[in-house]
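Heads up: the structure comes next, in structure tokens.
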Amino acid sequence: REAIAKINPIFSSTLEDQDASSSSSSLPKPEPATETVPKMFIKKEREAIAKKKDFYRGAGVFKKVKAEVALDMRDQFDSEMMNLMKEDPNYMMEKDGVEFYLAKDHGFCWGVERSINLAYSAVETFPDAKIHITNELIHNPMVNERLHKKNVNFIEKDGDNAKDFTQINEGDVVMLPAFGATLDEMKELDQKNVKVVDTTCPW
């Protein structure tokens, strides 16, 4: 059960502490350096963009709605059947002669939970803004569908398979998914004068 608390922090209080301890590493991970663009230069450009007032990262930026969003997440992801299975020492339940087992290490890692909380919190914090996301938040249809229902616009790709940022206007809110964003994407969004919510997993 100790392992479950670590891998499924929706039911723990570790998220804020972990986020605070890793805030310095929560920028999108820089792409590998090339001969023309040194790695350190890329890192400094990212940091310069991330320090601007309209760039939001870290779970602490939405403290006013964080607790309410956490309850919403619990309601969305809680499962009566899973709770019953966890009451059994072997995480098992039997129904109609069939035994069902639940993996003891299951659920979201804290980095993914953090990304979901940031995304949901952004929607609550900017209710009147047009909100976009540059990709799926995570590889989970339930979470992405919830964002669709919250009227988040998923950026489509053009004929050249490039993200079509022409849909984004000044003053909009743009979320970066848990997978991060390229430096070019960050620079283009910076030039558009939008609010950026960085949900990139720090790890």
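The values are calculated or read from the model by the stated rules, or taken from the named source; none is laboratory data. Bear in mind the structure is a predicted one, so any value in this text is a computation, not a measurement. For accessibility, only protein heavy atoms count, side chains too; no ligands or nucleic acids. Shrake-Rupley method; radii C 1.70, N 1.55, O 1.52, S 1.80 Å.
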The long-range amide H neighbours of F154, using H built 1.01 Å from N in the peptide plane and a cut-off of under 5 Å, are I133
With every protein chain in place, the range 102-165: carbon and sulfur % of accessible area (1.4 Å) | 45
How big is the accessible area of D160 in square angstrom, nearest 10, if you roll a 1.4 angstrom probe over the protein chains?
-> 140
Using the structure shown, select from K51/K130; K86/K195; K52/K157; K104/K150; K43/K149 the pairs with a Cα to Cα distance greater than 30 angstrom.
-> K86/K195; K104/K150; K43/K149
Solvent-accessible area per residue, Å², over the range 135-203 with all protein chains present [probe radius 1.4 Å] | 53
Rounded to the nearest 10 Å², the accessible area of R57 using a 1.4 Å probe with every protein chain kept is 70
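Can you give the convex hull volume per residue for the Cα atoms of the range 106-203, as a whole number of Å³?
With only Cα atoms used, the range 106-203 gives 105 Å³ per residue.
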Accessible area per residue in Å² at 1.4 Å probe, computed on the range 47-95 = 67
